[in-house]
1. Within the range 106-144, restricting attention to residues that are in contact (Cβ under 8 Å) with a residue 24 or more places away in the chain and of a type in the set (Val, Ile, Thr), which residue is surrounded by the most Cβ atoms within 10 Å (Cβ to Cβ)?
2. Checking the conditions here, which among Glu124, Glu103 is within 20 Å of Gln68 (Cβ to Cβ) and touching a strand residue (DSSP E or B) at 6+ places or on another chain (Cβ under 7 Å)?
3. Looking at (1) surrounded by 12 or more Cβ atoms within 10 Å (Cβ to Cβ); (2) within 23 Å of Gly57 (Cβ to Cβ); (3) among the acidic types (Asp, Glu), find the lone condition where Asp151 falls short.
4. Go through the range 84-100 and report how many residues are under 20 Å from Glu129 (Cβ atoms), under 20 Å from the mean Cα position of the chain (by Cα) and not charged (D, E, K, R).
5. Test each condition in (1) under 25 Å from Arg160 (Cα atoms); (2) over 17 Å from the mean Cα position of the chain (by Cα) for Lys109 and report the one that comes out false.
6. Here are the criteria: (1) touching a helix residue (DSSP H, G or I) at 6+ places or on another chain (Cβ under 7 Å); (2) surrounded by 13 or more Cβ atoms within 10 Å (Cβ to Cβ); (3) modelled with pLDDT under 65. Tell me which single one Pro13 does not satisfy.
7. Taking Leu64, is it farther than 14 Å from Leu114 by Cα, of a type in the set (A, V, I, L, M, F, W, C) and free of Cβ contacts under 8 Å to residues at least 40 places away in the same chain?
8. Among the residues of the range 97-105, is there at least one that is buried (at least 16 other Cβ atoms within 10 Å of the Cβ), touching a Lys or Arg at 6+ places or on another chain (Cβ under 8 Å) and among the aliphatic types (A, V, I, L, M)?
Amino acid sequence: MCDDHIGLCPHTPGGDPHEPADAPAAQSQSDALAKHILNGLGFCGHFLHFHGGGASGKAPIVCLLAKQPNGEMSQQELGLHFDLKPGSLSEILSKIECAGLIERSRNPKDRRQLTIRLTEAGWEKAHVEQAARIRFRERAFSALTHDEREDLAEMLDKIRVTWEELDD
């Protein structure tokens, strides 16, 4: 239950629970529509992160390794692929290693480099995760027709280009 007098309500009572109470009010119909779209994209991003495998956790790493020859890559290559700092990647890999899905070994040609390799359990986990990702992709846009999916893909491409320019 919201208790406004002590500030425990993250959104306006009776309002949109995805809209923070301190969010500025829409300035126009166009701004209100933009806020609505951003809230929808935010939900999609949150859903994908927590239900679609995330971007750089256990599932994406074992799936990427499964696509490599012999199921292995250098730790440095993994870090570059997922845009992770060495310390962050090392922490994630430690958890995956403790789960028995990968093993780490020094590269005999360059002892400074670590090679990350899938174990048998890692291969099995990768196949399960890959199948789950395929099922998700098959169902994720089932509410849309084929033409609507193509339109959405085109619109998202346009948005991405614009947002990449905003980041400059």
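1. Ile116
2. Glu103
3. It fails just one condition, (2).
4. 6
5. The failed condition is (1).
6. For Pro13, the failing item is (2).
7. yes
8. yes
The values are calculated or read from the model by the stated rules, or taken from the named source; none is laboratory data. Note that the coordinates shown come from a computational prediction; the quantities given were computed from them, not determined experimentally. We place every Cβ from the backbone using ideal geometry, glycine too, and count neighbours over all the protein chains shown.
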